[in-house]
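Here the structure comes first, spelled out in structure tokens, and everything after it is commentary.
The values are calculated or read from the model by the stated rules, or taken from the named source; none is laboratory data. It should be emphasised that the depicted structure is a prediction, and the values quoted were computed from it without experimental measurement. Because the Cβ atoms are built from the backbone with ideal geometry, glycine has one as well, and the counts that use them run over all protein chains shown. Note: areas computed on protein heavy atoms with side chains; ligands, DNA, RNA excluded. Shrake-Rupley method; radii C 1.70, N 1.55, O 1.52, S 1.80 Å.
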Amino acid sequence: MSYMESVVTRFAPSPTGALHLGGARTALFCYLFARKHQGKFILRIEDTDRERSRKEYVDEILAALQWLGLQWDDEPVYQSQRTDLYQQAAQRLIDSGNAYRCTCTIDELEAMREEQKKLGENPKYDGRHRQSNLGADIERFVIRFKNPQVGEVSFADLVQGDVHVGNDELDDMVIMRMDGSPTYNFCAVVDDIAMGITHVVRGDDHLRNSLRQCNLYDAMEVQRPKFAHLPLILNSSGARLSKREGAYNILDYQARGILPEALGNYMARLGWSHKDQEIFTSAELVELFDLKSIQKSPAQYDEQKMLWVNHNYIKNQTNADLCPILLSLLDKQQVDISNDKVPLEAIIGLHKERCEDMNKLAEELICYYKEPTYDSYNKEELAEYLTARTMPALNKLNEGLQGLEQWDAASIKDLIKQLVAQDADIKFPDIAMPLRLAITGTTSSPSIDKVAELLGKDESLARFARMLQQA
Ligand code: GLU
């Protein structure tokens, strides 16, 4: 098969929760593989579980995929709207002798299981209606697939290698429930066929399902797709990452100031690698991604590394590219930058190296647009810096700054150095720190001479003078 024309992958989330890291990594790999081969990436919402599926989760999943830039092709497909298709497919399986109606009640199935346990057997449906040929006229029934009873089913997984199981270990699974709704294994296969999916890429928790699904493909006499089962992701404490762990909700990463490209890059490295490269552009990921380079063993989530990747992206994005996100973050904090003289792009350049996430960067930029209020200063720090020992030098700094003709970082720094040279008792931080506190409201910022240059002479001096009055 030529990949160039024909790759079709799909991401098939169940909207029973928000999109989390594991699901998003699956979506990313499906997306990259399809884009690499100029194929299609399809989104299928598996919402047949009527009780647990929620519209809010669908919206969140779509928003998270869009935020990550994993744009799907065509309209999303909703399984809840395709019941007819599944019913027809089930009927065809009955007609070809590959499926049958079963009237077992829950109590009967429970009794069957108890009996098998007593005999030391693995509990499974015993196939008691396999030959009953029950017609559609009975009132309550499920439809079961006639799984082969002998031999084994196997396939060559593109990541895991050969996978197989004896058919005697698989029972006749339900494909249509009593209420006429299809079960996952069945509608996944019907849809994968209908949508022309060539590569099924999903988590390795689906390996056994894939074996069952292979039997369905064979019964339907349709060529099986290729399968690639992705290794687990373990959480930071080494346990399996679960959808229920809210900490890994994709939209939370957005709220935490993680850049979508950075999270995508980080996720790509969860189980996949290319030499020892860590940072990839989106184009490089599409070009280099390869199912063959996915590891079999579990990947482990590493928060510090994720932040390191994010920091890397923040540092290397252009200031202009970071502007829109910062504008929206500043806007959320009601910081109005519209009338100010300090250009956002210039200050981003000074601060971005220091910030691991966009929230921190936005936080650092606020001081250019909003004077820190004295209430917000740490009083202990004020007391530490404004002392009888430092005040004479600080007053001299104030005068010196006022007299500066050239307001730039180098001149400000020279002035501080001169004052330090004049007085053996005074060190550089004794002067620089109070100036920093006055200007930014904090004791951590880029070189204060550079900050002061960007903030401008009038505003910097006004803030410094107001601080000195506190002494
Ligand atoms: N709805 C299934 C899940 O969320 C999809 C599995 C598949 O990709 O077939 O796990």
**Asked** Since GLU139 meets every condition but one in (1) away from the ligand (no atom under 16 Å from the Cβ); (2) in contact (Cβ under 8 Å) with a residue 40 or more places away in the chain, which condition does it not meet?
**Response** (2)
**Asked** Condition test on GLU278, is it within 20 Å of the chain's Cα centre (by Cα) and of a type in the set (Asp, Glu)?
**Response** yes
**Complete:** When region 247-261 is checked residue by residue, the ones that are open to solvent by less than 60 Å² (accessible area, probe 1.4 Å), modelled with pLDDT of 95 or more and either under 18 Å from TRP308 (Cβ atoms) or assigned to a loop (DSSP other than H, G, I, E, B) (or both) are TYR253, GLY257, ILE258, LEU259, PRO260
**Message:** Looking at region 197-220, I want the residues that are under 20 Å from GLY166 (Cα atoms) and among the acidic types (Asp, Glu) and have a partner that is open to solvent by less than 20 Å² (accessible area, probe 1.4 Å) and at pLDDT 95 or above with Cβ atoms under 7 Å, at least 6 apart or on another chain. Which pairs are those?
**Reply:** ASP204/HIS229; ASP204/LEU230; ASP204/PRO231
**Request:** Would you point out the residue of region 170-191, among those that are touching a Phe, Trp or Tyr at 6+ places or on another chain (Cβ under 9 Å) and within 11 Å of the ligand (Cβ to nearest atom), that is nearest to SER80 (Cα to Cα)?
**Result:** CYS187
**Among the residues listed as ALA432, ALA424, ALA388, the single one being crowded, with 17+ Cβ neighbours inside 10 Å and small (Gly, Ala, Ser)** = ALA432
**Request:** Those residues that are free of Cβ contacts under 8 Å to residues at least 24 places away in the same chain, under 21 Å from LEU230 (Cβ atoms) and hydrophobic (A, V, I, L, M, F, W, C), I need them from region 255-280; list them, please.
**Result:** PHE280
**Request:** Taking the options TYR125, TYR100, TYR86, name whichever one is over 25 Å from GLU46 (Cα atoms), buried (at least 18 other Cβ atoms within 10 Å of the Cβ) and of a type in the set (Ser, Thr, Tyr).
**Result:** TYR125
**Asked** Quick one: how many residues across region 423-460 are in contact (Cβ under 8 Å) with a residue 12 or more places away in the chain, part of a helix (DSSP H, G or I) and over 23 Å from GLY349 (Cα atoms)?
**Response** 4
**Matching residues in region 199-209 - criterion: being farther than 14 Å from PHE29 by Cα and either crowded, with 19+ Cβ neighbours inside 10 Å or near the ligand (Cβ under 9 Å from one of its atoms) (or both)** = ASP205, HIS206, ASN209
**Asked** Is at least one residue of region 88-105 free of Cβ contacts under 8 Å to residues at least 12 places away in the same chain and within 30 Å of GLY264 (Cα to Cα)?
**Response** no
**Fill in**
Those residues of region 411-421 which are open to solvent by 60 Å² or more (accessible area, probe 1.4 Å) and among the aliphatic types (A, V, I, L, M) amount to ALA421
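Rundown of residues vs (1) closer than 17 Å to THR26 by Cβ; (2) within 13 Å of the ligand (Cβ to nearest atom); (3) among the aromatic types (Phe, Trp, Tyr); (4) in contact with a helix residue (DSSP H, G or I) (Cβ under 6 Å, 6 or more places away or on another chain), yes/no style:
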{"residue": "LEU43", "(1), (2), (3), (4)": "yes, yes, no, no"}
{"residue": "THR48", "(1), (2), (3), (4)": "no, yes, no, yes"}
{"residue": "SER53", "(1), (2), (3), (4)": "no, yes, no, no"}
{"residue": "ALA64", "(1), (2), (3), (4)": "yes, no, no, yes"}
{"residue": "GLN71", "(1), (2), (3), (4)": "yes, no, no, no"}
{"residue": "GLU75", "(1), (2), (3), (4)": "no, no, no, no"}
{"residue": "ALA90", "(1), (2), (3), (4)": "no, no, no, no"}
**Asked** Here are VAL165, VAL150: which of them is farther than 27 Å from ARG82 by Cβ, open to solvent by 20 Å² or more (accessible area, probe 1.4 Å) and modelled with pLDDT of 95 or more?
**Response** VAL150
**Asked** Quick one: in region 210-246, which of the residues that are of a type in the set (Lys, Arg) and within 13 Å of the ligand (Cβ to nearest atom) is modelled with the highest pLDDT?
**Response** ARG212
**Asked** Does region 400-410 hold any residues that are surrounded by 11 or more Cβ atoms within 10 Å (Cβ to Cβ) and either free of Cβ contacts under 8 Å to residues at least 24 places away in the same chain or in contact with a strand residue (DSSP E or B) (Cβ under 8 Å, 6 or more places away or on another chain) (or both), and which are they?
**Response** GLY400
**Fill in**
Scanning region 392-424 residue by residue, those among the hydrophobic types (A, V, I, L, M, F, W, C) and at pLDDT below 95 turn out to be ALA424
**Asked** For residues in region 4-17 being touching a Gly at 6+ places or on another chain (Cβ under 8 Å) and assigned to a loop (DSSP other than H, G, I, E, B), which is nearest to the ligand (Cβ to nearest atom)?
**Response** PRO13
